[in-house]
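Following: one structure in structure tokens, then a few remarks.
None of the figures in this text is laboratory data; all of them are computed from the coordinates on show. In this text, all values refer to a predicted model and were calculated from it rather than measured experimentally. Because the Cβ atoms are built from the backbone with ideal geometry, glycine has one as well, and the counts that use them run over all protein chains shown.
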Amino acid sequence: MITATEALQQLKEGNQRFVSGGRVVKDLTNRERRSEVMESHEPFAIVLGCSDARVPLEIVFDHGLGDLFVIRVAGNIVAPSQVGSIEFAAERYGTRLVVVLGHSNCGAIEATVEELENPNEIHSPNLASIVDRIRPSVEPLFANGSGRDHDELLHAAMLANVRASVDQLRHGSAILENLVQNHDLQIVGAEYSIETGQVDFLENSPEAS
């Protein structure tokens with residue numbers, strides 16, 4: 001299995017192909033590749049992203065069958081099922097890179113900000129459970145009475161949520177914490193721009209060679 005640094009470089013190169021309009025996941029319809037991964041696969045990166053239909057992760061990173069272990073949930077939140085999925089992939093396949101990918105114009109982030117600005121009862125308890133997981137990372141943005149405009153607030157909230165999810169994965173699972181400390185697992189955050197298609201990795205990412 002490749003290192004986290006090598007995996008990050010592959011994601012960056014794939015995203016640049018996507019942004020520039022180059023090759024895009026040609027092996028999705030490749031019969032030979034389907035046969036190769038029929039019995040086993042070795043995903044080189046785990047990506048926890050949002051369910052938003054505008055952020056199809058394999059396409060955004062220009063990788064196909066067997067390449068990425070993808071988990072998608074509204075707001076790229078960290079709940080027990082997501083943690084368990086990441087633990088499974090990191091242990092079973094030896095994957096050494098986990099990416100938490102937030103994105104611009106995220107509906108789950110906007111719903112959380114709106115709830116904090118104008119508190120009201122969310123009719124769906126299931127939706128409320130998503131907002132409640134995002135809320136703690138976003139609430140501090142309101143504490144100092146910042147005068148930033150709404151778009152800036154949404155962007156800051158998205159980044160805060162990504163960083164909180166990264167922190168939860170690094171410190172909320174004994175399995176993942178052990179892999180980080182002793183087996184070179186890297187857990188990093190990133191943001192995707194729906195407007196440009198560009199993925200930017202946040203600080204504390206491993207250096208790409």
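Out of 85, 51, 124, 129, one residue alone is farther than 20 Å from residue 186 by Cβ and touching a strand residue (DSSP E or B) at 6+ places or on another chain (Cβ under 9 Å). It is 51.
So, in the range 127-155, exactly how many residues are of a type in the set (Gly, Ala, Ser) and surrounded by 17 or more Cβ atoms within 10 Å (Cβ to Cβ)? If you could, list the steps in order and put the result at the bottom.
First, the residues of the range 127-155 that are of a type in the set (Gly, Ala, Ser): 128-129, 137, 143, 145-147.
The next check asks that each one be surrounded by 17 or more Cβ atoms within 10 Å (Cβ to Cβ); those that pass are 137.
The number of residues fulfilling the criteria is 1.
Remark: pairs (first residue in the range 105-127, closer than 9 Å to residue 157 by Cβ; second residue surrounded by 15 or more Cβ atoms within 10 Å (Cβ to Cβ) and of a type in the set (Gly, Ala, Ser); Cβ separation under 6 Å; 6+ apart in sequence or on different chains) = 109/157; 113/157.
One residue stands out among those in the range 109-118 that are surrounded by fewer than 24 Cβ atoms within 10 Å (Cβ to Cβ) and part of a helix (DSSP H, G or I): the one that is farthest from the chain's Cα centre (by Cα), which is 117.
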